[in-house]
Structure formats: structure tokens, C-alpha cells
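J.: Attaching a single structure in C-alpha cells format; questions to follow.
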Amino acid sequence: MGVANGDGMHGAEPGLRDAVSGTDLEATLQPLERATMLPPAAFLERGVLDWELENIFMGGWICVGHVSAVAEPGAYIARELAGRSFFVVGGEDGAPRAFHNVCRHRGARLMEEAEGKVRRRIQCPYHAWSYDLAGNLRAAPHMDGVEGFDTSCYGLREIRTAVIGGLVLVDFSGEAPAPEDHVGELLPHLDHYSNAALARAGIVEYDVAANWKGIAENYNECLHCPGVHPELNALSDYMSGEGLYGAGAWCGGTMTLNEGAETMGKEGGHLDRPPIASLAEGDLRNILYFALFPNALISLHPDYAMLHTLWPREPGRTEVVCEFFFEPATIARPDFDPTDAINFWDQTNRQDWHVCELAQKGVSSPGYSPGRYSVEEEDVHAFDSMVAARYAEGLREVVA
């Protein structure tokens, strides 16, 4: 469902309507063996990105990060999207809540850092208005004599928040379906890997000169792995594994570790850490990968989880936050060292960003027209189909 425009109407902005046709979308929504990829405008046009930000990112559930970042009261993560800053903060009751990052007095930003921790109050750095962790205004200096001023009317503007499978989701529209429906049958996989109980042990941030959808498409296939990722392909053959299916706004599958490899990491993928305790022996040969629409890429390994979140900035620019999570007991070991996994994926990520940037440049050429999917690009097609379905919905709304 699209979010309301300034005139109170729902529908497609001219940028989408002028750039993408129903014929384009029908071509993408065909069965895989007959389908054609998204049109170039989906990767290039500012109007299309603006529509996506308002109707996809602001119009439904997006992933902000992992629950461990806000597990303690006062711990927060702040993000910016479509020119709007917001933050999620751990509550006194253990439940995280999201708020617009705006003081109700003169509009100053409250949280200036991407992550941090406050005590029991969120204090504005400008005039020292302060709010509790539930967003209620608790102190407003020099407002005692103001006629009709009611502190209960000036709490922080809250954003609908959910935690499911260890992922923190927010819904700016307040109208998205239940988060359980969005995550759907991805949840049992997250629970099987104890994702909600893991803790972060590393973070790397990137600024990638490519469209957010191109990054997601790249994540959803490994046909490029032999040429682009020889180190990864040495640990898991690019044709290994199988697709996983189920209800919810996600796609993904498995990869199988090669003989002698125990995880994905430097030094041949040897496992110097215990596997995640909830896993069975049969799980230890698999890597699971999922794209939760629109902006979360989740990779589950025998001993750790990795989460990428995508934050579009321009049609050809995306900020990516990559985080690594391990069991707390593993982190507490005196010999714990996550750098083999972090360095392996930092190398792999940078290889990915290079080819994503090459594709972004090529899509802008007049010599490019949308290509066809190979039969091995099932997840790429599944992701693009979620995008195309949202575009088609937007075009139908504007006609109505």
C-alpha cells in the first residue's frame, strides 16, 4: 500500500508513472523462463527512487538492525532514510521503540551518533527538553508559564516497531500487514539459528556506487562467484545448495560447504569456534542466505550470522551496514577472534561492490536493454518480482 502524498491521495508519483510502464512490469512478472529483468529506469531515475522511498521503504516494514543493539535500556541505533532521521531505543520494560529523531520544541536532532546509549532520559542538546525511554516528555525548561501547555501532548512521535526473529523492524506508515506476515516462514530459519540470542562482534560500513536493487540482485545469485569470488567458491561450489520457499516477503536458499571447509572465513574456513548450539549435525554443512524485502540480507553460518542492511541515498548510491553476530558464550571465550569471518566477508563484499558498480554504469548506457534471467537466477527473479509487484500496485492506484 502506498503512503499518502501531500494532497492526501495515494498513488504513483509522476517519476514512477513516467519511467516504468505496465508492459515493463508484465515482462518481469512472467515465469522465470519467459521473464525479462527490470527496466533501466528502475536503477537510474531519481523519481523512481523517490517513489520507492515513500511507498516501499516508508510504506511497509523495513529492517533497522539486530535486537542485540537495543537490548539494554537506553541503547539506541539511529538511521536516516529519505531525509528523515529516526532512532530505535531499548525501553525500561525491555521493549525497543522507534521515534522520529526530532525534539518537539524547535525540531533539533536528539541523537547525533549512529549508535550509543543514554541513561533514563533522552535530552535535546539544544534547549534540554528531555524525554523518557517511552517517548514521554518529562522536562521542558521555562515552559511553566506558557498558557495551555500540556506535556502529555508533546511526547516524541512514535513509529510502529516490531522485533521478530532477532530483527528490529519499523513501519513508518503504520498500515503494513502484521510483521509475522511480512517475515512469514523465514522465522523458523531465524529461530533455528538462535538469531535473537546472538550478539554483535563486528561491523563494517560501505558506501556503494550502485542502486540498492542491484546489490540485492547480486546477493541472490552465485553465478558470478567463480570469477568474482574465487576464495568463496573454494569453500562452497557456486552450484551447490537449493532454494528455500515459504510464505512472507523473502527469498533465499542454501549453499553447501566443500569437503574440509567448516564455515566461511579466512584460512580455508576452518572452524575455531563452536557451532551455534541449537544446530544439529546435519546443519553444519550448510550456509543459508535470505533477502527479506526490501533491505535486509541475512546469512546464517554454522557459527555466526551476518546481516546487511541497505540504505538508498541516490539512484546510483547505497550505504550498506554489514554486521556479524555470534553466541554470547562464544564471544566470552578467551580465544574468541571473529576477524577470520569479518575479513573474509569484507574482501567478498568489496568484490561484490565492484561488479555492482560496473553493472550500475552499464545500465545507464543506451546500448543496454533489460536482459533475460538464466534458469539459475530464481532468487534474483523472485526479488525483482516483489519490486515489480509494488510498482504495478502503484500504477494501478494512480489509475484508480
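J.: Residues in region 350-395 that are farther than 27 Å from G241 by Cβ and of a type in the set (D, E): how many?
T.: Residues meeting the conditions: 1.
J.: In region 153-162, how many are surrounded by fewer than 16 Cβ atoms within 10 Å (Cβ to Cβ), in contact (Cβ under 8 Å) with a residue 40 or more places away in the chain and out of contact with any His (no Cβ under 7 Å at 6 or more places or on another chain)?
T.: Selection size over region 153-162: 1.
J.: Hey, among S369, S299, S365, S374, which residue is in a loop (DSSP other than H, G, I, E, B) and either farther than 17 Å from F43 by Cβ or within 17 Å of the chain's Cα centre (by Cα) (or both)?
T.: S374
J.: While we're on this one: Conditions first: (1) in contact with a strand residue (DSSP E or B) (Cβ under 6 Å, 6 or more places away or on another chain); (2) farther than 30 Å from P370 by Cα; (3) among the β-branched types (V, I, T). V208 passes all but one, so which condition is the exception?
T.: Every listed condition holds for V208 apart from (2).
J.: Output yes when any residue across region 142-152 is surrounded by 18 or more Cβ atoms within 10 Å (Cβ to Cβ) and either assigned to a loop (DSSP other than H, G, I, E, B) or of a type in the set (D, E, K, R) (or both), and no when none is.
T.: Checked region 142-152: no residue is surrounded by 18 or more Cβ atoms within 10 Å (Cβ to Cβ) and either assigned to a loop (DSSP other than H, G, I, E, B) or of a type in the set (D, E, K, R) (or both).
J.: Taking the residues in region 277-301 that are in contact with a strand residue (DSSP E or B) (Cβ under 8 Å, 6 or more places away or on another chain) and more than 23 Å from H381 (Cβ to Cβ) as candidates, determine which candidate is modelled with the highest pLDDT.
T.: Among residues in region 277-301 that are in contact with a strand residue (DSSP E or B) (Cβ under 8 Å, 6 or more places away or on another chain) and more than 23 Å from H381 (Cβ to Cβ), the one modelled with the highest pLDDT is H301.
J.: Still on this structure, I have one more. Give the residues of region 117-137 that are surrounded by fewer than 16 Cβ atoms within 10 Å (Cβ to Cβ) and either at pLDDT below 95 or in a strand (DSSP E or B) (or both), sorted by residue number.
T.: K117, R119, R120
J.: Looking at region 308-331, which of its residues are in a loop (DSSP other than H, G, I, E, B) and under 23 Å from M58 (Cα atoms)?
T.: Keep residues of region 308-331 that are in a loop (DSSP other than H, G, I, E, B), which gives 315-316, 327.
Correct list: P315, G316.
J.: Note down all Cβ pairs under 6 Å where the first residue falls in region 203-215 and is over 14 Å from M306 (Cβ atoms) and assigned to a strand (DSSP E or B), the second is among the aromatic types (F, W, Y) and modelled with pLDDT of 95 or more, and they're at least six residues apart or on different chains.
T.: Going by the 6 Å Cβ cut-off, the qualifying pairs are V208/W353.
J.: Looking at R79, R109, which is the one that is at pLDDT 95 or above, in a loop (DSSP other than H, G, I, E, B), touching a Ser or Thr at 6+ places or on another chain (Cβ under 8 Å) and not assigned by TED's automatic domain parsing to the domain that holds G202?
T.: When all the criteria are applied, what remains is R109.
J.: Something else now. Working only within region 174-202, note down all residues that are under 22 Å from L53 (Cβ atoms), in a loop (DSSP other than H, G, I, E, B) and touching a helix residue (DSSP H, G or I) at 6+ places or on another chain (Cβ under 9 Å).
T.: Answer for region 174-202, where residues must be under 22 Å from L53 (Cβ atoms), in a loop (DSSP other than H, G, I, E, B) and touching a helix residue (DSSP H, G or I) at 6+ places or on another chain (Cβ under 9 Å): just A176.
J.: Surrounded by 15 or more Cβ atoms within 10 Å (Cβ to Cβ), touching a residue at least 40 places away in the same chain (Cβ under 8 Å) and out of contact with any strand residue (DSSP E or B) (no Cβ under 9 Å at 6 or more places or on another chain): is that true of P315 in this structure?
T.: Here the answer is yes, as P315 does meet what is asked.
J.: So is D171 touching a helix residue (DSSP H, G or I) at 6+ places or on another chain (Cβ under 9 Å) and over 30 Å from E242 (Cβ atoms) or not?
T.: yes
J.: Within region 262-276, restricting attention to residues that are touching a Ser or Thr at 6+ places or on another chain (Cβ under 7 Å) and farther than 26 Å from V168 by Cα, which residue is modelled with the lowest pLDDT?
T.: L271
J.: Show me the helices (runs of 4 or more DSSP H) found entirely inside region 14-53 where at least 1 residues are under 22 Å from the mean Cα position of the chain (by Cα), surrounded by 17 or more Cβ atoms within 10 Å (Cβ to Cβ) and acidic (D, E).
T.: So the answer is 46-52.
The values are calculated or read from the model by the stated rules, or taken from the named source; none is laboratory data. Bear in mind the structure is a predicted one, so any value in this text is a computation, not a measurement. All Cβ positions, glycine included, derive from the backbone under ideal geometry; neighbour counts span all protein chains shown.
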